[in-house]
1. Select, from SER347, SER351, the only residue that is open to solvent by 50 Å² or more (accessible area, probe 1.4 Å) and either hydroxyl-bearing (Ser, Thr, Tyr) or touching an Asp or Glu at 6+ places or on another chain (Cβ under 6 Å) (or both).
2. Do the conditions hold for ILE335, that is, is it more than 30 Å from GLN89 (Cα to Cα) and within 24 Å of the chain's Cα centre (by Cα)?
3. Of all residues in region 122-153, how many are part of a strand (DSSP E or B), among the aliphatic types (A, V, I, L, M) and surrounded by fewer than 19 Cβ atoms within 10 Å (Cβ to Cβ)?
4. Could you tell me which of the residues THR118, THR151 is of a type in the set (Val, Ile, Thr) and touching a helix residue (DSSP H, G or I) at 6+ places or on another chain (Cβ under 9 Å)?
5. Name the single residue, out of those in region 354-370 being surrounded by fewer than 22 Cβ atoms within 10 Å (Cβ to Cβ) and assigned to a strand (DSSP E or B), that is nearest to the ligand (Cβ to nearest atom).
6. Considering only region 157-261, give the helices (runs of 4 or more DSSP H) lying wholly within it that have at least 3 residues that are over 22 Å from ALA59 (Cα atoms) and open to solvent by less than 60 Å² (accessible area, probe 1.4 Å).
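The values are calculated or read from the model by the stated rules, or taken from the named source; none is laboratory data. A quick note: this is a predicted structure, and the numbers were derived from the prediction, not measured. Cβ: placed from backbone, ideal geometry, glycine included. Neighbour counts: every protein chain shown. Keep in mind that these areas ignore ligands, DNA and RNA; they rest on the heavy atoms of the full protein, side chains included. Shrake-Rupley method; radii C 1.70, N 1.55, O 1.52, S 1.80 Å.
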Amino acid sequence: MRIREMKMKKAIAKTGSLLAPIALGMLLTATAYAAAPGITGPTFNLTAQAAFISQPDGAAVYSWGYGCNGAPTGYAPAAITNGFCNSMQVPGPTLIVTEGQSVTVRLTNGLPNAAGNTSILFPGFNVTATGGVQGLLTREAGRATTNNTVTYTFVASSPGTRAYYSGTQGDLQVEMGLYGAIIVPPSSVPAECTSGSHAANLTAEGFWGEADFRLANATGGVGAAYDHPKSCYDREYLFQYSEMDPRIHRQAEEQSTKACTSCMNVATEPYHPAYFMINGRSMPDNMDPNYALEYPHQPYNGNPHMHPGELTLLRIIGTGRWQHPFHEHGNHVRILARDGNMILSQSDANSLAGPLLFTTTTTPGQAMDGIYYWTGKGLNWDPYGHNPASNDPNAKLPCTADANGYNTGAPTAINYYEWCQDHNKPLQTAPFGDVAGGSPATLPDPNIFANGAWFGGSPYLGPNATVRAVGSTGTTPPSGTVGNSPTEEAGFAFMWHSHNEREITTNNIFPGGMLMMMLVDSREFVIDESN
Ligand SMILES: [Cu+2]
């Protein structure tokens with residue numbers, strides 16, 4: 001897939017299978033955002049249980065997952081107020097603790113008797129396990145009332161993103177869904193994160209009435225992934241990549257009612273996965289909101305948003321058995337850390353030494369943190385469609401280059417962080433909405449869906465962008481597809497997806513699987529991650 005950018009209105013279609021252009025108006029539903037939601041501790045009472053998770057082809061797949069054993073201490077980020085934590089979910093609850101906290105995780109085994117024991121490994125931490133029964137890799141929650149609960153304690157000794165997963169019969173139990181993430185924000189945020197472009201982004205977000213959805217903001221409005229000034233960030237998202245072979249799940253379901261203990265015998269080879277998931281959901285389900293009630297056992301979505309110039313922290317975990325070559329269109333991703341270890345230059349501890357990745361290829365069990373941003377630099381045309389001849393004041397905004405070439409003088413400007421070298425170079429100069437004259441480019445007719453159902457009728461960002469874009473027949477963009485007011489989303493949609501093309505199907509039907517859209521929104525569009 002090489003869909004460079006498309007223009008679209010609000011978030012995306014929720015549909016059973018294919019995107020049918022004729023149904024576009026019905027497909028456009030409420031906005032759905034992501035952030036990195038989870039539960040707070042430092043004590044967590046978890047259980048491992050069975051339930052059915054849903055797939056966009058209509059399948060209800062028997063799965064195992066960690067969930068909350070009673071109400072959690074709390075939810076984060078605080079700006080999300082509709083959180084829930086049921087007794088089974090895939091992925092398991094994202095555990096959010098602060099660097100230095102002493103963490104206690106109590107796990108009670110609620111799996112079928114035939115499934116046997118279960119456990120949790122916390123790679124990267126020095127764990128003490130008590131209770132339960134001794135297993136191969138750690139102590140496990142057993143089958144008897146006397147050993148049904150195991151307790152893991154450890155100090156969240158360093159910041160970062162890490163995986164947790166079953167340490168019992170991992171080839172079956174991780175496949176069944178027993179995995180999750182633990183996020184440790186640093187105990188304090190470096191001073192550098194409160195100045196410069198981060199302070200300006202904060203000013204801009206506040207000016208446009210935006211809440212802060214970062215986890216590392218205990219002191220208010222600043223974020224850092226690590227105890228390091230090169231790890232400042234403006235937004236964050238957590239993406240856990242996994243796949244499922246429905247044959248394995250079907251056999252586990254068939255044997256789950258056997259009247260015997262630890263007697264399940266499910267072959268985990270040969271392996272033929274048919275579902276490829278981001279945070280436990282396949283596209284387009286992953287574009288529905290966090291905590292959407294139709295997914296009681298899949299509360300987390302995959303639907304990133306950002307404004308130009310913001311540094312977006314990607315917390316990435318490979319949880320399945322396969323590697324997934326995930327491509328973030330729009331820019332490369334600078335890797336900050338792997339498994340909670342920052343990658344710094346050996347000769348200069350102030351410089352990052354992680355690779356700049358085209359695809360952030362996941363490795364089973366490995367976590368990584370990376371920074372992504374988009375500014376429009378290098379397009380060689382003005383993504384805002386500024387044209388000094390226009391009658392529209394929004395098409396005549398100034399762009400004053402800073403030392404790096406960006407318009408950063410006024411954080412509250414709509415075109416904050418515009419790349420000034422391309423200013424006043426609209427793709428289309430005429431017909432240009434309200435302006436007549438010669439033209440280097442004719443835009444496609446927005447009424448013809450050959451451009452794709454997500455083409456919004458304008459190649460420009462921001463208010464009145466659709467007014468400034470006129471198609472070959474002179475028609476205005478079709479209703480229901482235009483983002484024409486500040487309350488309507490009119491961002492550039494960058495397809496983020498696995499480059500293993502079978503992985504962007506759901507049970508072999510395209511589109512589906514590991515596919516989502518990064519929406520780069522104009523500044524005046526308030527990114528609200530709370531619903
Ligand atoms: Cu791609």
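1. Only one candidate passes the filter, namely SER347.
2. No.
3. The number of residues fulfilling the criteria is 1.
4. From the options THR118, THR151, the qualifying one is THR118.
5. Going residue by residue through region 354-370, those that are surrounded by fewer than 22 Cβ atoms within 10 Å (Cβ to Cβ) are 354-359, 361, 363-366.
Narrowing the set further to residues that are assigned to a strand (DSSP E or B) leaves 356-357, 359, 361, 364.
Working: LEU356: 16, LEU357: 12, THR359: 8, THR361: 13, PRO364: 22 Å.
Residue satisfying both the conditions and the ranking: THR359.
6. On the way: elements: 170-176, 196-207, 246-255.
Of the helices (runs of 4 or more DSSP H) lying wholly inside region 157-261, those with at least 3 residues that are over 22 Å from ALA59 (Cα atoms) and open to solvent by less than 60 Å² (accessible area, probe 1.4 Å) span 196-207.
Every residue, every condition in (1) modelled with pLDDT under 95; (2) of a type in the set (Lys, Arg), yes or no:
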{"site": "ARG281", "(1), (2)": "no, yes"}
{"site": "THR312", "(1), (2)": "no, no"}
{"site": "ALA353", "(1), (2)": "no, no"}
{"site": "ALA367", "(1), (2)": "no, no"}
{"site": "GLY378", "(1), (2)": "yes, no"}
